[in-house]
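Report on the following structure.
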Amino acid sequence: MLTDQFNRLHTYLRVSLTDKCNLRCTYCNPIDLPKGYFSQTNKMSVDEIDAIIGVFVQQGIKKIRLTGGEPLVRKDAKEIMMRLSKYPVELAITTNGVFVHEFIETFKQAGIRSVNVSLDSLNPKRNLIITGRDEYDTVRRNIDLLLENNFHVKINTVIMADVNAPEIPDFIALTRDHPVHVRFIEFMPFSGNHWNKGKLFTLDEMLSLIGSSYDYIPLHNDPHDTALKYKVPGFMGTFAIISTMSRPFCGGCNRLRLTTDGKMKNCLFSKTEADILSALRNGDDILPLIKECVWNKAEALGGQFTSVDKNLDSTTIINRSMINIGG
Ligand code: SAM
């Protein structure tokens with residue numbers, strides 16, 4: 001069992017398959033990151049991913065989400081999914097959606113039923129500005145393809161006050177006739193992404209904007225949920241808000257992370273990492289390292305800031321960029 005000193009049991013592991021991405025989202029993969037920032041040469045092999053995950057599963061991990069970077073740009077992504085399908089866990093994936101049509105059959109064979117797709121604007125031109133690539137039509141087609149194939153589809157939308165916040169009601173309109181679940185994510189600070197308070201559009205601001213267009217009702221939330229869920233009565237889908245910055249949900253956190261270079265993070269904002277891959281390559285037992293890393297998890301937000309720190313200077317946070325951690 002993976003329990004920390006605040007008695008939180010950890011059953012959910014997010015595994016980054018790569019820190020490469022085919023998109024250049026301003027908030028995640030800033031173009032001005034220094035050369036050599038990425039760690040491709042040292043990424044976990046398929047066998048190493050399998051071996052490390054095997055230990056986590058023995059310790060009670062019940063859900064694994066593959067992420068990145070963009071997990072579907074990794075050449076052996078299909079092999080990894082099939083290898084992991086043997087574990088008695090819920091296997092899920094987060095993707096930017098661009099290559100989903102090449103993976104539908106693999107998802108099915110590997111038992112992946114839940115796919116999160118990132119989409120930050122319903123305006124193709126704005127989407128191009130945010131992502132740096134003209135892939136809007138492909139992503140929309142692939143969301144439809146997932147729905148036609150009965151996948152549980154969540155759309156992840158990072159909301160930035162000065163960029164796409166006014167589109168929130170348009171995203172909710174998508175849930176009228178489609179069983180999609182849109183999740184509005186408060187913009188979070190990471191290395192190099194130029195976060196500042198002015199760009200943050202909070203949970204309260206989102207609900208106030210939504211309330212001017214729709215009557216909505218809250219839905220039940222489980223203790224480990226990171227998103228507050230809502231629904232417009234009569235609509236097929238739902239919407240949710242991930243309020244990491246204005247109302248963090250650390251008390252019920254059950255998540256751990258493994259970066260593509262085999263470092264374990266006990267929190268998205270943790271300052272420190274446990275080098276699991278080097279230990280594995282040295283032939284050491286990795287379980288004590290994993291347990292120690294879980295035990296040392298800070299009470300909230302990696303111990304780096306608190307929800308009231310809206311004047312936070314993001315340059316003081318010790319962390320990698322989101323693309324490099326695995327979102
Ligand atoms: N490439 C995949 C994708 O686009 O979904 C997976 C990796 S991406 C890092 C995972 C999630 O992190 C995406 O939904 C993305 O929107 C979110 N994300 C990245 N940077 C973020 C930030 N600064 N604040 C909030 N969410 C962020």
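For LYS125 and ASN150, what does the FRET efficiency come to when R0 = 30 Å and r is the distance between their Cβ atoms, rounded to the nearest 0.05?
Once the sixth-power term is evaluated, E becomes 0.40.
Semi-axes of the equivalent ellipsoid for segment 12-325, please: Cα gyration tensor eigenvalues, times 5, square-rooted, ordered largest first, whole Å.
29, 23, 19
Would you mind calculating the gained length between LYS62 and ARG176 on full extension (0.36 nm times residue separation, minus the Cα-Cα distance), in nm to one decimal?
Fully extending the segment from LYS62 to ARG176 adds 37.9 nm.
Using the Cα centre of segment 12-325 as origin and beta-carbon charges of +1 (Lys, Arg) and -1 (Asp, Glu), tell me which of MET44, VAL55, ASN150 is placed farthest towards the positive end of the dipole.
VAL55
Roughly how many percent of the accessible protein surface of segment 133-279 is carbon and sulfur, given a 1.4 Å probe and a whole-percent answer?
Answer for segment 133-279 is 50 percent, counting heavy atoms of protein chains only.
Taking the Cα centre of segment 12-325 as origin, sum charge times position over the Cβ atoms of Lys and Arg (+1) and Asp and Glu (-1), and report the length of that vector in debye to the nearest 20.
Once rounded to the nearest 20, the dipole reads 220 debye.
As a test question: what accessible area, to the nearest 10 Å², does CYS21 have when a 1.4 Å probe is rolled over all protein chains in place?
Accessible surface of CYS21 is approximately 30 Å².
How large is ³J(HN,Hα), in whole Hz, for each residue of segment 85-93 in order, when computed from phi with the Karplus curve 6.51 cos²θ - 1.76 cosθ + 1.60 and θ = phi - 60°, using x for Gly and Pro?
With the stated coefficients, segment 85-93 comes to 5, 6, 7, x, 9, 7, 9, 9, 9 Hz.
Could you work out how much longer the chain between ASP204 and GLN109 gets when fully extended? Use 0.36 nm per residue separation minus the Cα distance between them, nm to one decimal.
That works out to 30.1 nm of additional length.
Determine ³J(HN,Hα), in whole Hz, for all residues of segment 252-267 in sequence, where each value follows from phi through the Karplus function 6.51 cos²θ - 1.76 cosθ + 1.60 and θ = phi - 60°; x replaces Gly and Pro.
For segment 252-267, the Karplus-derived couplings read x, 5, 10, 9, 10, 9, 10, 7, 5, 8, x, 9, 9, 10, 8, 7 Hz, x marking Gly and Pro.
Using modelled backbone amide H atoms (1.01 Å from N, in-plane), which distant-in-sequence or interchain residues come within less than 5 Å of GLU90's amide H?
Distant-sequence amide H within range of GLU90: LYS63, ILE64.
For the chain, what proportion of DSSP beta bridges, expressed in % and rounded to the nearest 5, is antiparallel?
25
Roughly how compact is segment 130-187, stated as its Cα Rg over 2.2 N^0.38 Å to two decimals?
1.18
Which cross-chain or sequence-distant (5 or more) residues have an amide H under 5 Å from the amide H of GLY68, H modelled 1.01 Å from N in plane?
LEU17, GLY327
Can you tell me the alpha carbon radius of gyration of segment 217-286 divided by the globular rule-of-thumb value 2.2 N^0.38 Å?
1.59
Once phi is turned into ³J(HN,Hα) by the Karplus curve 6.51 cos²θ - 1.76 cosθ + 1.60 with θ = phi - 60°, what whole-Hz value does each residue of segment 193-198 show in order, with x for glycine and proline?
Per residue, the Karplus-derived 3J(HN,Hα) values read 9, 6, 5, 8, 4, x Hz.
Which are the unpartnered cysteines of the chain, meaning those with no other cysteine Cβ under 4.7 Å from their Cβ?
CYS21, CYS250, CYS253, CYS267, CYS293
Skipping prolines and chain starts, which residues have an amide H placed within reach, meaning under 5 Å, of the one on ILE185, given they are 5 or more residues away or on another chain?
Residues meeting the criterion, in which the H sits 1.01 Å from N, are THR157, VAL158, ILE159, ILE242.
The values are calculated or read from the model by the stated rules, or taken from the named source; none is laboratory data. Predicted, not measured: the structure shown is a model, and the values here were computed from it. Positions of Cβ are generated from backbone atoms using ideal geometry, with glycine treated the same way; all protein chains shown enter the neighbour counts. Heavy atoms of the whole protein, side chains included, go into the accessibility calculation; ligands, DNA and RNA do not. Shrake-Rupley method; radii C 1.70, N 1.55, O 1.52, S 1.80 Å.
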